[in-house]
Amino acid sequence: MRSRTITFFLLVAGAAGALAGCASNAPHTFGQYPPLSPKITATKGERRPVHLTVTLQQPANVAVFLVVPGSGSLLLYPADSTESTHMDAGTHAITTAEAKLVLSDSMRLARRPTQTRGSVQRSRNGIGRDSLPSLGFNQHGYLLLFATQDTLTYAALSQRVSGLSIPIDDDDALNTVTKLIRETDHVTGAWAGYATDFPP
């Protein structure tokens, strides 16, 4: 009888753990969510967030970040200063700044098939690639979509939000990045955020 009780307890505990795991994977929403209702999804099978799908209920200016708690945030969209942050209502397929890194890495490997161990890769602006937020083994991050009808500027987002160290707690990390976006671009109107796990 005792062994049955222990077995039942373990089954219940396992089910509770599984439910808790599912709950932790639920998307996070921020701000005045219902009017804009922004959503973002990654392309299945991609190990880096290169192709994403953004959905909006209303026209808005948007920014997308890869947020790695305890590490930093990386501006994915707009990919550069020539790209508009404005999107109409509906569903949009976007290509992120990671596409340039993937292409750059492919060309580098084609030119130099072997690399010295411990060498530091550097981007065009001289920043060490190792200093940019990346997902290591057994590490997780979030795709954070920020939407507002106020203006968003690439220069402010890329220089004052992207690359900054953020807290290790998931909620604190996401709240920190949304707060930085709002303060950096002086967002005073309605805004909403949506974060989902990456990799999915």
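The values are calculated or read from the model by the stated rules, or taken from the named source; none is laboratory data. Keep in mind the model is a prediction, meaning the values are calculated, not measured. For neighbour counting, all protein chains shown are included, and Cβ atoms are generated from backbone atoms with ideal geometry for every residue, glycine included.
Where strands (runs of 3 or more DSSP E) fall wholly inside region 26-103, no range has 3 or more residues that are out of contact with any helix residue (DSSP H, G or I) (no Cβ under 9 Å at 6 or more places or on another chain) and aromatic (Phe, Trp, Tyr).
Of all positions in region 58-72, at least one carries a residue that is modelled with pLDDT of 95 or more and of a type in the set (S, T, N, Q). Checking each residue in region 147-198 for being in a helix (DSSP H, G or I), touching a Pro at 6+ places or on another chain (Cβ under 9 Å) and either surrounded by 21 or more Cβ atoms within 10 Å (Cβ to Cβ) or among the aliphatic types (A, V, I, L, M) (or both) picks out 157, 173, 174. Taking region 76-96 as the range and being touching a strand residue (DSSP E or B) at 6+ places or on another chain (Cβ under 6 Å), within 13 Å of residue 157 (Cβ to Cβ) and of a type in the set (A, V, I, L, M) as the test, only 76 passes.
Restricting attention to region 173-200, the residues that are in contact (Cβ under 8 Å) with a residue 60 or more places away in the chain and under 14 Å from the mean Cα position of the chain (by Cα) total 14. Counting the residues of region 177-200 that are among the β-branched types (Val, Ile, Thr) and within 27 Å of residue 43 (Cβ to Cβ) gives 4.
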